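Here's the structure we're looking at; comments come further down.
The values are calculated or read from the model by the stated rules, or taken from the named source; none is laboratory data. Keep in mind that what you see is a predicted model, and the values were worked out from it rather than measured. Positions of Cβ are backbone-derived with ideal geometry, glycine not excepted, and every protein chain shown enters the neighbour counts. Keep in mind that these areas ignore ligands, DNA and RNA; they rest on the heavy atoms of the full protein, side chains included. Shrake-Rupley method; radii C 1.70, N 1.55, O 1.52, S 1.80 Å.
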Amino acid sequence: MTDLITEQATAAASGSAATEQFRGKQRAATADVDAKRVDTLVSELLAAAHDIIRRHKVNYAEYDALKSWLIQVGEDGEWPLFLDVWLEHAVEEVAGETREGTKGTIEGPYYVAGAPKLPAEASLPMRADEGGTPLLFQGQVRSVDGTPLAGATVDMWQADDDGLYSQFAPGLSEWNLRGTVTADEHGNFKIHTVQPAPYQIPTDGSCGRLIKAAGWHAWRPAHLHLKVSAPGHDLMTTQLYFKGGRHLAADVASAVKPELILDPGPAADGNGREVTYDIVLDRA
Ligand code: MBD
Ligand code: FE
């Protein structure tokens with residue numbers, strides 16, 4: 001999988017890497033939806049499509065354009081990208097309805113389990129000449145009642161200063177800007193990284209074609225991805241954004257929430273920026 005994308009930076013290469021990644025994960029393998037539920041959901045989805053076709057008098061040229069585009073999404077491996085950009089936010093909204101701790105948001109297509117394990121204060125794996133403003137991201141993991149969660153896990157992944165994710169773009173080492181940090185006995189963590197750049201949906205694949213055809217824009221604001229967990233608590237998947245960053249008000253993936261916007265200040269050591277963001281987990 002990694003070999004595939006060391007060759008070319010194409011939508012199809014990152015798409016097929018994301019497809020392979022999804023096939024390997026637990027949630028994909030365990031889906032077993034009750035027949036009545038499938039009947040309800042698929043019937044309503046199809047009825048909504050029929051209604052759109054009738055109201056807008058969709059013609060055969062448009063029907064065939066849709067058909068060929070859908071076929072191409074599969075060939076590009078871009079179903080994970082398409083679904084996570086345009087549908088996942090609604091699923092996450094439902095899933096997070098009753099949570100009380102730190103707001104979650106979508107996972108997206110580029111998480112890889114098993115990143116290098118790191119101590120409570122650590123640098124994410126990065127190149128010696130990694131671009132981007134140095135960023136110290138620190139905080140404390142607590143339970144909803146305020147108890148610090150000793151040994152909580154902060155699994156973090158992010159794009160680099162070119163907006164690229166390791167394992168989904170060529171030329172980056174396997175775990176670049178990915179790490180699994182274990183918080184200390186007070187639930188504290190201190191992660192040295194770099195400021196990510198905004199992410200652009202690949203322009204040469206099916207999702208890019210759709211964006212162009214519809215006159216939309218292809219951007220997500222710069223973000224850090226996190227999965228935070230601790231014994232007896234729900235796993236929390238979220239993203240953190242940057243105050244004043246581009247595309248914050250118009251995320252193509254509709255995944256920004258005001259509570260998730262960081263406002264880093266100058267770093268105490270004079271090297272780049274730093275920000276403190278505490279994370280609260282719901283009890284399981
Ligand atoms: C990303 O980096 C991302 O986080 C999401 C949700 C979709 C596409 C690319
Ligand atoms: Fe992302």
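Condition first: among the charged types (D, E, K, R), more than 16 Å from ligand 2 (Cβ to nearest atom) and exposed (fewer than 14 other Cβ atoms within 10 Å of the Cβ). Can you find one or more residues in the range 226-241 that meet it?
Pass one, the range 226-241, residues among the charged types (D, E, K, R): 227, 234.
Keeping just the survivors that are more than 16 Å from ligand 2 (Cβ to nearest atom) gives 234.
Now restrict to residues that are exposed (fewer than 14 other Cβ atoms within 10 Å of the Cβ): none.
No, the range 226-241 has no match at all.
So Lys212 fits all but one of (1) over 15 Å from Lys103 (Cα atoms); (2) touching a strand residue (DSSP E or B) at 6+ places or on another chain (Cβ under 9 Å); what number is the exception?
(2)
For the range 157-168, give me the residue count where each residue is in contact (Cβ under 8 Å) with a residue 40 or more places away in the chain, open to solvent by 10 Å² or more (accessible area, probe 1.4 Å) and either away from ligand 1 (no atom under 11 Å from the Cβ) or on the phi > 0 side of the Ramachandran plot (or both).
Qualifying residue count for the region: 0.
Inside the range 263-284, can you point out the residues that are among the aliphatic types (A, V, I, L, M) and surrounded by fewer than 20 Cβ atoms within 10 Å (Cβ to Cβ)? Give the derivation first.
Of the residues in the range 263-284, the ones among the aliphatic types (A, V, I, L, M) are 267-268, 275, 279-281, 284.
Within the range 263-284, Ala267, Ala268, Val275, Ala284 meet the criteria.
Restrict the check to the range 132-144 and report whether at least one residue is in a loop (DSSP other than H, G, I, E, B), of a type in the set (A, V, I, L, M) and crowded, with 19+ Cβ neighbours inside 10 Å. Step through it out loud before you land on a result.
Residues of the range 132-144 that are in a loop (DSSP other than H, G, I, E, B), as a first pass: 132-133, 144.
Imposing the further condition that a residue be of a type in the set (A, V, I, L, M) reduces the set to 144.
With the extra rule that they be crowded, with 19+ Cβ neighbours inside 10 Å, the set shrinks to none.
Within the range 132-144, not a single residue is in a loop (DSSP other than H, G, I, E, B), of a type in the set (A, V, I, L, M) and crowded, with 19+ Cβ neighbours inside 10 Å.
Given the conditions (1) open to solvent by less than 60 Å² (accessible area, probe 1.4 Å); (2) assigned to a helix (DSSP H, G or I); (3) away from ligand 2 (no atom under 16 Å from the Cβ); (4) not hydrophobic (A, V, I, L, M, F, W, C), report the number of the one that Gly101 does not fulfil.
Going through (1) open to solvent by less than 60 Å² (accessible area, probe 1.4 Å); (2) assigned to a helix (DSSP H, G or I); (3) away from ligand 2 (no atom under 16 Å from the Cβ); (4) not hydrophobic (A, V, I, L, M, F, W, C) one by one, Gly101 breaks only (2).
Anything in the range 104-126 that is part of a strand (DSSP E or B) and polar (S, T, N, Q)? List them, or say none.
At the first step, the residues of the range 104-126 found to be part of a strand (DSSP E or B) are 117-118, 121-123.
Correct list: Ser123 only.
Please state which one of Gly108, Gly77 is buried (at least 18 other Cβ atoms within 10 Å of the Cβ), within 16 Å of ligand 2 (Cβ to nearest atom) and at positive phi. Break it down into steps so the answer makes sense when it comes.
Working: Gly77 fails: within 16 Å of ligand 2 (Cβ to nearest atom).
Only one candidate qualifies: Gly108.
Restricting attention to the range 145-155, report how many residues are part of a loop (DSSP other than H, G, I, E, B) and at pLDDT 95 or above. Full working, then the answer.
Narrowing the range 145-155 to residues part of a loop (DSSP other than H, G, I, E, B): 145-147, 149-152.
Filter once more, so that each one left must be at pLDDT 95 or above: 145-147, 149-150, 152.
Total satisfying the criteria: 6.
Please indicate, with yes or no, whether at least one residue in the range 34-47 is among the β-branched types (Val, Ile, Thr), open to solvent by less than 100 Å² (accessible area, probe 1.4 Å) and at pLDDT below 95.
Yes, the range 34-47 contains a residue that is among the β-branched types (Val, Ile, Thr), open to solvent by less than 100 Å² (accessible area, probe 1.4 Å) and at pLDDT below 95.
Provide a single number: the residues in the range 170-193 that are out of contact with any strand residue (DSSP E or B) (no Cβ under 7 Å at 6 or more places or on another chain) and open to solvent by 10 Å² or more (accessible area, probe 1.4 Å). Quick ask: steps written out before the conclusion?
Looking only at the range 170-193, we keep the residues that are out of contact with any strand residue (DSSP E or B) (no Cβ under 7 Å at 6 or more places or on another chain), and these are 170-176, 184-185.
Remaining after also requiring open to solvent by 10 Å² or more (accessible area, probe 1.4 Å): 170-175, 184-185.
Here the count works out to 8.
Does Val252 satisfy the criteria of being open to solvent by less than 50 Å² (accessible area, probe 1.4 Å) and out of contact with any helix residue (DSSP H, G or I) (no Cβ under 8 Å at 6 or more places or on another chain)?
Working: open to solvent by less than 50 Å² (accessible area, probe 1.4 Å): yes; out of contact with any helix residue (DSSP H, G or I) (no Cβ under 8 Å at 6 or more places or on another chain): no.
For Val252, the condition - open to solvent by less than 50 Å² (accessible area, probe 1.4 Å) and out of contact with any helix residue (DSSP H, G or I) (no Cβ under 8 Å at 6 or more places or on another chain) - is not met.
Go through the range 125-156 and give me each residue that's closer than 28 Å to Glu88 by Cα and more than 16 Å from ligand 1 (Cβ to nearest atom). Don't jump to the end; show me each part of the working.
Of the residues in the range 125-156, the ones closer than 28 Å to Glu88 by Cα are 137-144, 152-156.
Scanning the range 125-156 gives Phe137, Gln138, Gly139, Gln140, Val141, Arg142, Ser143, Val144, Ala152, Thr153, Val154.
From Ser254, Ser229, grab the single residue that is more than 14 Å from ligand 1 (Cβ to nearest atom) and touching a residue at least 24 places away in the same chain (Cβ under 8 Å).
On the way: Ser254 fails: more than 14 Å from ligand 1 (Cβ to nearest atom).
That would be Ser229, the only listed residue that is more than 14 Å from ligand 1 (Cβ to nearest atom) and touching a residue at least 24 places away in the same chain (Cβ under 8 Å).
Scan (1) away from ligand 1 (no atom under 16 Å from the Cβ); (2) buried (at least 20 other Cβ atoms within 10 Å of the Cβ) for the single condition Pro196 breaks and write down its number.
Here Pro196 clears every test but (1).
Using beta carbons and a limit of 9 Å, which pairs, at least six apart or on different chains, have the first residue in the range 102-117 and more than 16 Å from Thr153 (Cα to Cα) and of a type in the set (A, V, I, L, M, F, W, C) and the second one open to solvent by 40 Å² or more (accessible area, probe 1.4 Å) and assigned to a loop (DSSP other than H, G, I, E, B)?
From residues that are more than 16 Å from Thr153 (Cα to Cα) and of a type in the set (A, V, I, L, M, F, W, C), the pairs are Ile106/Ser254.
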